[in-house]
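Here is the structure we will look at, set down as structure tokens.
The values are calculated or read from the model by the stated rules, or taken from the named source; none is laboratory data. Here the structure is a predicted model, which is why all the values come from computation and not from measurement. Cβ sites come from the backbone with ideal geometry, for glycine too, and all protein chains shown count toward neighbours. Calculation scope for accessible area: heavy atoms of the full protein, side chains included, ligands and nucleic acids excluded. Shrake-Rupley method; radii C 1.70, N 1.55, O 1.52, S 1.80 Å.
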Amino acid sequence: MNKHDINRELDRDVHSVEVYLFTFCKWALISSLVGLVGGLIGSAFYHCVATVTGIREANPWLIYFLPFSGLIIVFLYRSAGLRSDPGTNIVIDSIIHEHQEVPFRMAFLIFVSTVITHLFGGSVGRESAALQIGGCFGSGIGHILHLDDRSMKLITMCGMSALFSAVFGTPITATVFVIEFISIGIMHYSALVPCLIAACTARFVAIAFHIHAETYTIVQGALFTVPNCLRVLALGAACAVVGILFCWVLHHAAKLLRKYGYNSYVRILGGGMTIMCLTVLVGNYDYNGAGARVISDAIAGHAVWYAFLVKILFTAITLASGYKGGEIVPSFFIGATMGCVVGPLLGLPASLSAALGLVGVFCAVVNCPLASILLSVELFGSEYLPFFAITAVVSYMLSGPFSLYSSQRIQYSKLQPEFVHQKTM
């Protein structure tokens with residue numbers, strides 16, 4: 001190689017370094033902005049949901065107004081020109097497909113509608129709503145900055161990471177989850193730096209607004225032995241079955257109500273009345289709202305055997321009727337209560353198996369094993385990490401093509417290294 005060739009190679013390397021440095025600085029600034037805005041919006045959303053939850057718990061009679069609150073939600077969406085709400089699926093589509101835009105007005109609608117649903121006792125969480133809000137405002141900032149299509153995908157993912165991190169307090173999980181759940185089997189590493197910066201920035205903002213991360217203590221664990229690993233493997237399989245059941249009931253409830261519901265107003269009114277009657281029939285309010293207290297009780301080792309089945313029913317009716325909120329925290333509820341009951345039958349402590357069930361069912365319904373393992377560390381610490389890893393990967397594989405989100409695609413098979421581009425169910 002002569003001197004001219006050597007100089008040309010050095011120039012190319014310098015150029016490459018400059019490109020990487022410029023791109024890093026660009027996304028550090030953009031994602032910090034997204035994280036700052038996302039932290040502010042996420043903090044407001046968190047405190048609004050927490051406030052109305054406290055009001056509902058102090059005034060249980062509000063459940064009797066759930067049917068009428070649903071009419072307000074339908075009116076808001078129709079007034080905004082959205083007669084059908086695709087929810088989180090539209091955010092996924094905007095990242096997967098070119099020129100698919102997220103209507104910015106969706107952020108306001110899902111914010112207000114989720115708060116209304118929590119106030120009157122709908123059986124929903126808040127994290128999926130946070131993903132929608134984050135995707136909407138991230139996309140909106142991208143339009144303001146006149147970003148190209150590829151950059152729009154990244155900034156949308158940054159917004160989702162920021163809101164998830166601010167609301168739930170798990171920045172590492174938020175980063176990996178958003179990247180992992182878009183296309184099952186593929187991770188776009190180009191999004192790691194932007195999403196992590198956005199998630200951490202949003203988390204710092206949330207801390208400033210006194211939003212504490214969700215953490216739990218496993219009161220009774222188990223040794224890492226071969227018999228216990230086999231028991232955990234069996235629990236992972238049970239998580240897959242329950243996750244499939246949850247997805248199946250959610251999707252079929254939505255199809256059934258759309259088929260027989262005359263219009264959106266009638267559908268949501270009937271769904272609200274059904275939840276109201278079921279609440280009176282059950283005799284308590286454990287299945288209304290996100291159910292954070294029941295999750296804590298399950299991880300402490302206390303849950304009734306039918307709790308996870310009732311929560312599936314409540315959540316399916318609430319969301320299929322047209323109320324707004326998230327499916328992720330209900331999956332925590334379902335997994336924790338199921339694990340608390342099934343684990344001891346397998347020979348595992350109730351507290352540990354509840355924690356494993358929470359992570360396992362979450363993994364089954366979102367198809368994100370890496371994010372699920374990281375979630376276990378951020379929620380429960382690393383002491384039982386091998387057990388959580390076994391639960392997550394077994395649940396992931398055995399849950400097959402099922403998912404909470406119909407827009408998810410299994411890009412690479414769960415069974416072998418093969419490109420399949422399969423729709424989820």
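Against the chain, whose longest principal axis comes from its Cα atoms, helix 328-346 is set at around 70 degrees.
Where in segment 266-303 does the label zone of residue 219 land, with the point 7 angstrom along Cα→C-beta and an amide N cut-off under 18 Å? The answer is 292-303. With respect to the chain, whose longest principal axis is taken over its alpha-carbon atoms, helix 350-366 is tilted by about 60°. A full extension of the chain between residue 277 and residue 305 corresponds to an added length of 7.9 nm, given 0.36 nm per residue minus the alpha carbon distance. Could you give the angle, 0 to 90 degrees to the nearest 10, between helix 66-79's Cα long axis and the longest principal axis of the Cα atoms of the chain? Between the helix axis and the principal axis of the chain, the angle is about 30 degrees. Set the Förster radius R0 to 30 Å, insert the Cβ-Cβ distance between residue 284 and residue 259 as r into 1/(1 + (r/R0)^6), and round the FRET efficiency to 0.05. Given R0 = 30 Å and the Cβ-Cβ separation, E is 0.40.
Backbone phi angles across segment 201-214, fed through the Karplus curve with coefficients 6.51, -1.76 and 1.60 (θ = phi - 60°), yield HN-Hα couplings of 4, 4, 5, 5, 5, 4, 4, 4, 9, 6, 9, 8, 5, 6 Hz in residue order; Gly and Pro are listed as x.
About the centre of its Cα atoms, segment 144-249 shows a dipole size close to 140 debye [charges on the beta carbon of Lys, Arg (+1) and Asp, Glu (-1) only; nearest 20 debye]. Once both labels are positioned 7 Å from their Cα atoms along Cα-to-Cβ, the gap between residue 29 and residue 151 label points is 1.0 nm.
Highest mobility in the GNM of the chain, judged by mean-square fluctuation with C-alpha springs under 10 Å and restricted to 291, 335, 236, is found for 291.
For segment 146-158, 3J(HN,Hα) computed residue by residue from phi via the Karplus equation (6.51, -1.76, 1.60; θ = phi - 60°) reads 6, 6, 6, 4, 5, 5, 4, 5, 5, 6, 5, 5, 4 Hz, glycine and proline entered as x.
Relative contact order of segment 353-401, taken over Cα pairs closer than 8 Å and 6 or more residues apart, is 48 percent. Mind checking which of 369, 60, 171 has the largest fluctuation in a GNM of the chain, springs on alpha carbons under 10 Å? Top of the fluctuation ranking is 60. Note on the chain: GNM, Cα springs under 10 Å; of 36, 379, 145, the largest mean-square fluctuation is that of 145. Accessible area per residue for the chain, computed on protein heavy atoms with a 1.4 Å probe, is 43 Å². Under the criterion of Cα pairs below 8 Å and six or more residues apart, the relative contact order for the chain equals 21 percent.
What separates the Cα centres of segment 112-127 and segment 353-425 is a distance of 26 Å.
In this structure, the residue pairs whose Cα-Cα separation is over 22 Å, taken from 153/423; 153/259; 324/414; 259/324; 153/414, are 153/259; 324/414; 153/414.
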